[in-house]
Amino acid sequence: MLRDGPETAQPPITHWPALNLDGVDFDPVLTELMRAGPVTRIKLPNGSGWAWLVCRYDDVRTVTNDPRFSRKLVVEHDVTRLAPHFIPAPGAVGFEDPPDHTRLRRAVAGAFTAAGVERLRTRAQGILDGLVDGILRDGPPVDLTERLLAPFPLAVVCELMGVPEADRAAVHEWTTLILSSTQGAERSEQAKADMLAYLGARLREGSTTGGDTVIGLLVKAIEAGEVTAEEATGLALLIQIGGEAVTNNVGNMVYILLTRPDLLERLRSTPELRPSALNELLRYIPHRNAVGLSRVALEDVTVAGQLIRAGEAVYVSYLAANRDADVFPDPDELRLDRSPNPHVSFGYGPHYCPGAVLARLESELLVDALLDRFPEVRFSVSTDELRWRPGALIRGPEGLPVTWS
């Protein structure tokens, strides 16, 4: 599948290890890859062979929106990858191409419109207020990750999905194991199997599921013959897992604000700056380790002057695209008022994250709570004592111990 062709000069293959990075520093390996050129070659710790890496903003958007690059074919090949385990379930929307990809997303589109997510705002705010009230009642110190950043996104995505409160602890444990390799590939695969079995059972219940939840919408789509039960289960799995990414992403934002009190105070005193600041934080934070999901070229394609042959695997780096100096002047600086800010933190093209509107809402509410309800909030330990999740696909702090006055 992956081969060198004598017709064109091939860039060297860079081995990209699974670095366990602390803080929000940019991955040094990715920095070198960006310097090497717009299209390079990489080998990740797992899978086989090598893959192309596309870093430049315009090229990233081109590849992700080009039907000549397939997600579906990735399932059939052992592409080099970061994780030792392979997450997708059969028929999962993340590994489908149009028109099947379009059909699957349509089945749950109603839950992810701006209006649909906005209907969740009141319920989400109530959940958040309850969590914050409990924290303030107990008093400092507290681990914000444990008491706020983990339970809030879990509760909100479970509300959206239609997962009962009694089942949420198990769902959270499965998600954590699926998104981490620290307990081994076998344990991660077992967690995936357990969650698929659970979601399959919820879909089979049918009539007991609320119609406006993701599970309810999928039940209707199955009954209408629009999706299969297997496709619905795989789609539900990816939505449930993706919903908890907010924990790590906002954890990185909180870390930035607590280590940059000048930024925190500016946002406290200038609330109208918060929307653009949130956008800039989304651009700046390291959303993940290394790269996400690959694609396979269906035919020979030239990207930035480099020939990519049919059957070769291609990764894009949204992190690199968000640091493209041609699009974002002084990209390594955090500018809270940056405008325009066309970041690609939620992806681009057909596979743009369906939960982007929900993630923005949750992030907005959490940052507002930090700014407005915790006066003089600060870390209760030295920042040297903070630890980031080892072996995680989505980068974020294990804990954020804080105190306040």
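The values are calculated or read from the model by the stated rules, or taken from the named source; none is laboratory data. No experiment lies behind these values; they were computed from the predicted model shown. FYI the Cβ positions are ideal-geometry reconstructions off the backbone, even for glycines, and counts take in every protein chain you see. Calculation scope for accessible area: heavy atoms of the full protein, side chains included, ligands and nucleic acids excluded. Shrake-Rupley method; radii C 1.70, N 1.55, O 1.52, S 1.80 Å.
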Longest segment of the chain lacking GluC sites (Glu not before Pro) that sit in a DSSP loop with at most 12 other Cβ atoms within 10 Å: 8-298
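Counting pairs of Cα atoms in the chain, how many percent are more than 27 Å apart?
Details: 41869 of 81810 pairs.
Cα-Cα pairs in the chain separated by more than 27 Å: 51 percent.
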Let me have the relative contact order for the chain, percent, based on Cα pairs under 8 Å that are six or more residues apart. 26
In debye to the nearest 20, the charge dipole size for the chain, taken about the Cα centre with +1 at each Lys and Arg Cβ and -1 at each Asp and Glu Cβ, equals 300
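Given a 1.4 Å probe, how much area per residue of the stretch 141-188 is accessible, in Å²?
Details: 1950 Å² over 48 residues.
Value for the stretch 141-188: 41 Å² per residue.
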A36 and L293 label points (each 7 Å along its Cα→Cβ direction) are spaced in nm at 2.5
quick note, the stretch 7-145, DSSP beta bridge pairs, % antiparallel (nearest 5) is 55
Less than 25 Å apart at the alpha-carbon level, and either on another chain or at least 8 residues along: which lysines does that give for K192? K72, K220
Descending principal axes extents, the stretch 328-405, alpha-carbon based, whole Å: 44, 32, 29
Label model pair T302, R119: point-to-point distance (7 angstrom along the Cα→beta-carbon line) in nm is 5.0
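Share of the chain's accessible area from carbon and sulfur, percent, 1.4 Å?
On the way: 8770 of 16920 Å².
C and S atoms contribute 52 percent here.
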In nm, to one decimal, how far is the S276 label point from the R106 one, both placed 7 Å along Cα→Cβ? 4.0
Given the options Q306, P141, L282, identify the residue whose Cα lies farthest towards the positive end of the charge dipole of the chain (+1 on Cβ of Lys, Arg; -1 on Cβ of Asp, Glu). Q306
With both partners inside the chain, how many of the DSSP beta bridges are antiparallel, as a percent to the nearest 5? 70
Choice from D100, D129, D138 showing the highest fluctuation, given a GNM over the chain with Cα pairs closer than 10 Å: D138
Expressed in nm², what is the orientationally averaged projection area of the convex hull enclosing the Cα positions of the stretch 38-188? 12.6
Please compute the per residue accessible area over the stretch 260-341 with all protein chains in place, 1.4 Å probe, rounded to a whole number of Å². 40
Modelled label reach - A197, point 7 Å along Cα→Cβ, the stretch 154-174 residues with backbone N closer than 15 Å: 170-171, 174
Report the calculated FRET efficiency for Q10 and E398 (r = Cβ-Cβ distance, R0 = 45 Å), to the nearest 0.05. 0.70
